[in-house]
Amino acid sequence: MHALQFHTPGADPTELSAVLAPLTAGERLRLLYEEFGTRMIATTSFGLQAAAMLHLIAEHAPEIPVVFIDTGYLFPETYRYADDLSTRLKLDLRIYQPNITAARIEALWGELWNDGKAGADQYALLTKIEPMNRALRELGADVWLSGLRRSQSKTRADRPLAEQQKRTLKIYPILDWADAQLAHYFREHALPPHPLASEGYVTMGDWHSTRPASADAQAEATRFSGGKYECGLHLDSGTPDFQI
């Protein structure tokens, strides 16, 4: 196995991507934990494909804390799925929620997710970016593992295995997995699917801005009425005082 040579606070993403590229996902996780240790966290939304990444962590680097951002607007099925999977896989789950409740958001600003790009961006800042930034700060992390894959959408097709987002080094251990490989992993390890996978959903987010796919719709069109696909966490926040 290749050895990483990054022992400074910042690792070069291009070099790191080259080191990780020939390795399996499990090898990547073990190597990354050996290198970064407590500087590293993972995130999950307990979405349609989350079980594979979570199982890999449980098998190869169970010490990594897994951050779950609870927006307060997830599907009931997602909350139950999260409880089942975290117990089944014995995850070190850390739940982070917005500093402002869903009821207060709606009382002050209404349904932000229906208020164009500006509203959706403010919604992401309040319910996702701020809690994630707080998680990084409180857990002392500057390395973030995510289960993004290139085949999920056009916005992810050109991502490298590692990239710098502000002060955070982001790494995607299963970025190069094809849909067939993911499906095989689910079968091989008898992982339970998300309860809504059988109802036509191809991506999973908040109940108010996620809908099942139709015959003529791409995955990108099922979130925020096609106005945006990324939830907001995997793009720069544009706010100088945020780490991510």
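No value in this document is a laboratory result; all are computed from the given coordinates. These figures come from a predicted structure and were not determined experimentally. FYI the Cβ positions are ideal-geometry reconstructions off the backbone, even for glycines, and counts take in every protein chain you see.
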Environment charge at Glu15 (Cβ cut-off 14 Å; Lys +1, Arg +1, Asp -1, Glu -1): -3
Between the range 37-82 and the range 161-200, the alpha-carbon center distance in angstrom: 11 Å
Translational diffusion coefficient (Stokes-Einstein; Kirkwood radius from C-alpha pairs) of the range 54-132 at 20 °C, 1.002 mPa s, in µm²/s: 153 µm²/s
Relative contact order of the range 14-106, pairs being alpha-carbon contacts under 8 Å that are 6 or more residues apart, as %: 28 percent
Charge context of Arg28, other residues only, Cβ under 13 angstrom, K/R +1, D/E -1: -4
Phi-based couplings in Hz for the range 132-147 (Karplus 6.51, -1.76, 1.60; Gly and Pro marked x): 5, 4, 5, 4, 4, 5, 5, 8, x, 10, 9, 10, 10, 9, 9, x
Other-chain or far-sequence residues with amide H under 5 Å of Met204's (modelled H): Leu48
FRET efficiency, Glu138 to Thr101 (Cβ-Cβ, R0 25 Å, nearest 0.05): 0.80
Segment Ala18-Asp158, length gained on full extension (0.36 nm per residue, minus Cα span): 48.9 nm
FRET efficiency, Ala190 to Glu34 (Cβ-Cβ, R0 25 Å, nearest 0.05): 0.30
Given charges at beta-carbon only (K, R positive; D, E negative), |dipole| of the range 47-161 in Debye: 340 debye
